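Visitor: Pasting a structure here, questions to come.
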Amino acid sequence: MRIAICDDRQDVLAHADSLISSLEPHCETSQFSDILSLFQEMKGGAEFDAVFMDIEWGKKAGGMDAAAELYKQCPETKVIYVTGRVEWYSQQIFLNRANLSGYLTKPVDPELLRANLQKVADALQYAEQPSLVLQQKGAPVSIPLREIYFIESDGHTVTVHAGSEPVSAYERLGNIIRSLPMGFFQCHKSFIVNMSHIRRFQPGEVLLKNGAKVPVSRSKYNETKEAYFKFVGQAF
């Protein structure tokens, strides 16, 4: 992870840097004693996964304004507020739009810091998972592949069944299957199944782990079975 630590006190910066490095030795940390230097660094191409942002700069809540500006420039960068005056700012931290991930008080509790670092790491891992991207009403929708149970087609509309709410978009099933990795199989002219979610084969269909049933055409039944057993064998 790449972490920016922002505080106007050098002793706090050094302590925070040392604490983060002891908890997550593989973190890359950068220290910033003024907010402008952070944005200048980012303008030069620096990227950060998270920013530990002191709220109070020169007796002003400048950290919240900086977090709002950070959201405009890099909305994916997470912000963890740090303050020694929790009673002053706890009701203000949601007023500005920011990618807020955490809120710590000084002196920072190492275990709470560890939990916040883990939260950022988990979010990064989730974001890096391969996804299927569809255009829905002019906006891209990203669906993690592991969450997809099956995809069905009705004319030029495809519906992706993932999680609790299906996602529909104007697309051809043939285009989608060409973009998917091994593990997805077109078992019917109108259906693609994620083989990692198959529970068992039944006459004319497969039963998925979530209870859904996906039809398998007669001409594709043996081929689907062969693809499934090959997939399962490679998984182990």
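Visitor: Answer with yes or no whether G233 is part of a loop (DSSP other than H, G, I, E, B) and either over 30 Å from P75 (Cβ atoms) or at pLDDT 90 or above (or both). Full working, then the answer.
Guide: Working: part of a loop (DSSP other than H, G, I, E, B): no; either over 30 Å from P75 (Cβ atoms) or at pLDDT 90 or above (or both): yes.
Here the answer is no, as G233 does not meet what is asked.
Visitor: A further question on this structure: Please go through segment 42-60 and give me each residue that is over 20 Å from V120 (Cα atoms) and either of a type in the set (F, W, Y) or in contact (Cβ under 8 Å) with a residue 24 or more places away in the chain (or both), ordered by number. Don't jump to the end; show me each part of the working.
Guide: Filtering segment 42-60 for residues over 20 Å from V120 (Cα atoms) gives 43-45, 56-60.
Selection gives E56, W57, G58.
Visitor: Sticking with this structure for a sec: Where the second residue is of a type in the set (D, E, K, R) and in a helix (DSSP H, G or I) and the first is within 19 Å of K60 (Cβ to Cβ) and lies in segment 86-114, which pairs have Cβ atoms under 8 Å and are six or more apart or on separate chains?
Guide: From segment 86-114, the pairs are N96/D65.
Visitor: Something else now. If F231 passes every condition in (1) within 21 Å of S131 (Cα to Cα); (2) out of contact with any strand residue (DSSP E or B) (no Cβ under 9 Å at 6 or more places or on another chain) but one, which one does it miss?
Guide: (2)
Visitor: Restricting attention to segment 143-175, report how many residues are free of Cβ contacts under 8 Å to residues at least 24 places away in the same chain and not in a strand (DSSP E or B).
Guide: Pass one, segment 143-175, residues free of Cβ contacts under 8 Å to residues at least 24 places away in the same chain: 144, 147, 155-157, 159, 162-166, 172-175.
Of the ones still in play, those that are also not in a strand (DSSP E or B) are 147, 155-156, 163-166, 172-175.
The qualifying residues number 11.
Visitor: In addition: Can you tell me which residue is nearest to K209 (Cα to Cα) among those in segment 122-164 that are of a type outside the set (A, V, I, L, M) and surrounded by 19 or more Cβ atoms within 10 Å (Cβ to Cβ)?
Guide: Going residue by residue through segment 122-164, those that are of a type outside the set (A, V, I, L, M) are 122, 125-126, 128-131, 135-138, 140, 142, 144, 146-147, 149-150, 152-157, 159, 161, 163-164.
From what's left, surrounded by 19 or more Cβ atoms within 10 Å (Cβ to Cβ): 149-150, 152-153, 161.
Values: Y149: 9, F150: 11, E152: 17, S153: 21, H161: 13 Å.
Of everything passing the filter in segment 122-164, Y149 is nearest to K209 (Cα to Cα).
Visitor: Where residues in segment 169-197 are loosely packed, with under 15 Cβ neighbours inside 10 Å and of a type in the set (G, A, S), which of them is farthest from V216 (Cα to Cα)? Even if it seems obvious, please write down each step before you answer.
Guide: Keep residues of segment 169-197 that are loosely packed, with under 15 Cβ neighbours inside 10 Å, which gives 170, 172, 174-175, 177-179, 181-182, 189.
Cutting the leftovers down to of a type in the set (G, A, S) gives us 174, 179.
On the way: G174: 16, S179: 21 Å.
So the residue we want is S179.
Visitor: Go through (1) farther than 20 Å from G174 by Cβ; (2) touching a Gly at 6+ places or on another chain (Cβ under 9 Å); (3) buried (at least 16 other Cβ atoms within 10 Å of the Cβ) one by one and return the number of the condition K119 breaks.
Guide: For K119, the failing item is (3).
The values are calculated or read from the model by the stated rules, or taken from the named source; none is laboratory data. Nothing here was measured: the structure is a model prediction, and the numbers come from that model. Virtual Cβ from ideal backbone geometry, glycine too; neighbours counted across all protein chains shown.
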